[in-house]
Amino acid sequence: MRMLLIHADYLEYEVRDKALKNPEPISDEQKKGRLDEVLAVFISVEKVDEANPDEVVEKAIAEIEDVAKQVKAERIFVYPFAHLSSELAKPGVALEILKKIEEKLREKGYEVKRAPFGYYKAFKLSCKGHPLAELSRTIVPEE
Ligand SMILES: Nc1ncnc2c1ncn2[C@@H]1O[C@H](COS(=O)(=O)NC(=O)[C@@H](N)CO)[C@@H](O)[C@H]1O
């Protein structure tokens, strides 16, 4: 799994066209979204993650929470992003992993949104620009 973490004044998106034949079903409300004062986490789920999804979820949560505490972010935007890796996991596996990350972060008390999976989306992002505002993490399951 590859993650790009951006501490931002805001992240907003608007769904455009389908990027997969069968994207995640979404409500009209989910076609647009915005969070202010947010840690945006762009995630590419990778083929290697398919070996142990639960372990990858736990490691991702730990890394995201570590950064959220450092930058004092209470809101997290989980954003499916297929452009951080050339070895992408299958969409079905990727979506399940992203949903679990969303759920577990919410259980930990963060305000969490997740951008829709399988769509081309317009987005605007305002990076804060401080030294910890742009970070990346790579997560792999144990052999
Ligand atoms: N492994 C993955 N990790 C994260 N997001 C993914 C993954 N696979 C698919 N997606 C989601 O599905 C969308 C399209 O995925 S994609 O791999 O780019 N596929 C395409 O663009 C197809 N139109 C041609 O392959 C992505 O924008 C993202 O929302």
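None of the figures in this text is laboratory data; all of them are computed from the coordinates on show. Since the model is a prediction, treat every value here as computed from it, not as a measurement. Cβ coordinates were reconstructed from backbone atoms using ideal geometry, including for glycine residues, and neighbour counts include every protein chain displayed.
Quick check: anything in the stretch 121-141 exposed (fewer than 14 other Cβ atoms within 10 Å of the Cβ), free of Cβ contacts under 8 Å to residues at least 40 places away in the same chain and farther than 28 Å from E14 by Cβ?
Checking the stretch 121-141: at least one residue is exposed (fewer than 14 other Cβ atoms within 10 Å of the Cβ), free of Cβ contacts under 8 Å to residues at least 40 places away in the same chain and farther than 28 Å from E14 by Cβ.
Limited to the stretch 101-128, what total is found for residues that are within 11 Å of the ligand (Cβ to nearest atom) and on the phi > 0 side of the Ramachandran plot?
Total satisfying the criteria: 1.
Only one residue in D49, D17 is under 25 Å from E134 (Cα atoms) and touching a residue at least 12 places away in the same chain (Cβ under 8 Å), so which one is that?
Being under 25 Å from E134 (Cα atoms) and touching a residue at least 12 places away in the same chain (Cβ under 8 Å) holds for just one of D49, D17, which is D49.
Within the stretch 38-56, which residues are under 14 Å from the mean Cα position of the chain (by Cα) and more than 16 Å from L88 (Cα to Cα)?
Those that are under 14 Å from the mean Cα position of the chain (by Cα) and more than 16 Å from L88 (Cα to Cα): V38, L39, A40, V41.
Taking the stretch 101-126, which residues are farther than 20 Å from K59 by Cβ, under 16 Å from the mean Cα position of the chain (by Cα) and in a strand (DSSP E or B)?
Once the filter is applied, which keeps residues that are farther than 20 Å from K59 by Cβ, under 16 Å from the mean Cα position of the chain (by Cα) and in a strand (DSSP E or B), the stretch 101-126 yields E111, K113, Y119, Y120, K121, A122, F123, K124, L125.
Counting only residues that are surrounded by fewer than 16 Cβ atoms within 10 Å (Cβ to Cβ) and more than 16 Å from the ligand (Cβ to nearest atom), give me the strands (runs of 3 or more DSSP E) lying completely in the stretch 1-100 with at least 3 of them.
Per the criteria, 32-44.
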